[in-house]
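Please read the structure below before turning to the comments.
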Amino acid sequence: MRYRSASRALACVTATLAAALLSPAAGGASASVPWHLAAIDAPASWAESTGEGVVVAVVDSGVDADHPDLAGAVLPGRSYVDLDPGDEPRLLALGSEPGPVYERAFGQADPVGHGTAVAGLIAAGADSGHPGVAPDAEILPVRVLDDENRYHDSAMVGAAVEWAVDNGADIVNLSLGGHYDSAPFAEAIAYAEANDVLVVACTGNQRLDEPAEEVWFPARVPDVLAVTGTDDRGSRWRTAVTGEETDLAAPGADLLAPEPGGGHRTVTGTSFASALVSGAAALVRSAHPDWTAAEVRRAMIATARAGGEGLGAGMVDAAAAVAADLASLPPVEVPAEASPAVGLAATTAGGALLGLAALLLRGGRVPRTRYWTARRLAAREATPAPGA
């Protein structure tokens, strides 16, 4: 097995566009629907679904839980950063005094801004002026990216994914990746699939002056919904990586997103295209709670609007996916052999995967924790009690 270098294990943000990621947005907020929401037809689905009841894990650089756009939407998460190898994340007891250490321990602080932008594009509130694709979804922040927006241990990221699965995630967004495969990370992807959790990941970014790169890991794993980025004309963004593993496309350039501290920035990269697709997936899962993760993935790919070269099935269409009828969709071809995610994981953890296989056969599911946040509590209080 090859291990990726630290220099290649990073968020899906093109190096040449790092300045754009952190540059202030010009002109402030627009009163109209943001172009990226219109491009994926998200507003047309809101009468039927807003993502309520769906938890999206943002495995990233943390999330600023105090940003007004995300008020009440950010669950207590977990941080895997600043730990000695092999240590468990140092969580503080519930009821501890809030503060920087407390917030970082639960993934509710973001020194980079990447995770906050991703979370806002997914689930910023409808009344914020900058709504996310699924404004009533909730965010489970799991921090794996350090203060330089990198991760140095793929096994750690795999552990973070497994923790998210065990703690309520319905969707896992991975706006990160690298060039080399990782058996522990692949095992975590297989674990998510076994527990009916949809994994969405960005295809990666590259410099304009470099040869075309292959789709990054873990996006190239077949069980992952791999997302590349487009510009405002619907063409592939010039630095967005693509390949035969690409499933869908979404806007990935010049998007207005929240930044830590309460403001907004213009962001560019397939990281943010992945966030939009995760938001669309939350709409579908909320509208069809009886659908499996595989069925959600199937519906989103089948209803995509065909586009130009390198966009996979095309631009994700949130409204069409929400309105989809599974019975009318084309069947998905299932290969006879196991997927690379399962195969790679089985190489190093065969016994564990046999246990997962048994779990699948008996229809089991790992018990998962649900947290009550301001949004969920408000919805609960607004719902009349039986007989009321």
Query raised in the report: Out of (1) in contact with a helix residue (DSSP H, G or I) (Cβ under 9 Å, 6 or more places away or on another chain); (2) at pLDDT 75 or above; (3) closer than 24 Å to Asp254 by Cα, what's the single condition that is false for Ser49?
Result: (3)
Requested in this report: Look through Val227, Val215, Val161, Val165 and report the one residue that is touching a helix residue (DSSP H, G or I) at 6+ places or on another chain (Cβ under 6 Å), of a type outside the set (Asp, Glu) and not in a helix (DSSP H, G or I).
Outcome: Val227
Query raised in the report: Would you say Thr246 is modelled with pLDDT of 95 or more and more than 23 Å from Val55 (Cβ to Cβ)?
Result: yes
Query raised in the report: If you check Leu92 against the conditions, is it in contact with a Phe, Trp or Tyr (Cβ under 6 Å, 6 or more places away or on another chain), surrounded by fewer than 24 Cβ atoms within 10 Å (Cβ to Cβ) and modelled with pLDDT under 95?
Result: yes
Requested in this report: Spot the failing condition for Thr303; the list is (1) more than 26 Å from Glu187 (Cβ to Cβ); (2) among the polar types (S, T, N, Q); (3) under 14 Å from the mean Cα position of the chain (by Cα), and only one is missed.
Outcome: (3)
Query raised in the report: Looking only at region 207-234, which residues are surrounded by fewer than 20 Cβ atoms within 10 Å (Cβ to Cβ) and in contact with a Phe, Trp or Tyr (Cβ under 7 Å, 6 or more places away or on another chain)?
Result: Asp231, Asp232
Requested in this report: Please enumerate the residues belonging to region 185-239 that are among the aromatic types (Phe, Trp, Tyr), more than 19 Å from Ala249 (Cα to Cα) and in contact (Cβ under 8 Å) with a residue 60 or more places away in the chain.
Outcome: Tyr191
Query raised in the report: What pairs come up if the first residue lies in region 134-152 and is touching a residue at least 40 places away in the same chain (Cβ under 8 Å) and closer than 30 Å to Glu48 by Cβ, the second is assigned to a strand (DSSP E or B) and among the basic types (Lys, Arg), and their beta carbons are under 9 Å apart, counting only those six or more places apart or on different chains?
Result: Leu140/Arg78; Pro141/Arg78; Val142/Arg78
**Report entry** Filter pass, Trp237 being more than 16 Å from the chain's Cα centre (by Cα), among the hydrophobic types (A, V, I, L, M, F, W, C) and either within 14 Å of Gly312 (Cβ to Cβ) or surrounded by 24 or more Cβ atoms within 10 Å (Cβ to Cβ) (or both)
**Finding:** yes
Requested in this report: Report whether or not Val296 is touching a Leu at 6+ places or on another chain (Cβ under 6 Å) and of a type outside the set (S, T, N, Q).
Outcome: yes
Query raised in the report: Looking at region 239-267, which of its residues are touching a Gly at 6+ places or on another chain (Cβ under 6 Å) and assigned to a loop (DSSP other than H, G, I, E, B)?
Result: Val241, Thr242, Thr246, Asp247, Gly252, Glu259, Pro260
Report task. Confirm whether Gly107 is surrounded by 24 or more Cβ atoms within 10 Å (Cβ to Cβ), at pLDDT below 95 and part of a loop (DSSP other than H, G, I, E, B). Result -> yes
**Report entry** Inter-residue pairs, beta-carbon under 7 Å, first under 22 Å from Ala160 (Cβ atoms) and in region 62-79, second surrounded by fewer than 24 Cβ atoms within 10 Å (Cβ to Cβ) and among the hydroxyl-bearing types (Ser, Thr, Tyr), 6+ apart
**Finding:** Gly62/Ser79; Ala73/Thr373; Leu75/Tyr371; Leu75/Thr373; Pro76/Tyr371
Requested in this report: Inspect region 250-262 for any residue being surrounded by fewer than 18 Cβ atoms within 10 Å (Cβ to Cβ) and under 27 Å from Ile189 (Cβ atoms) and give the result as yes or no.
Outcome: no
Query - Flag for Ala186 being at pLDDT below 95 and part of a helix (DSSP H, G or I) - result: no
Requested in this report: Determine whether region 224-232 contains at least one residue that is farther than 24 Å from Ala124 by Cβ, more than 14 Å from the chain's Cα centre (by Cα) and of a type outside the set (Ser, Thr, Tyr).
Outcome: no
**Report entry** Residue match in region 20-31 (condition: at pLDDT 55 or above and among the hydroxyl-bearing types (Ser, Thr, Tyr))
**Finding:** no
**Report entry** Evaluation of Gly308 against (1) in a loop (DSSP other than H, G, I, E, B); (2) surrounded by 18 or more Cβ atoms within 10 Å (Cβ to Cβ) (one fails), failing number
**Finding:** (2)
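The values are calculated or read from the model by the stated rules, or taken from the named source; none is laboratory data. Given the structure is predicted, the values throughout are model-derived calculations rather than measurements. Reconstructed Cβ throughout: ideal geometry from the backbone, glycine too, with neighbour counts over all protein chains shown.
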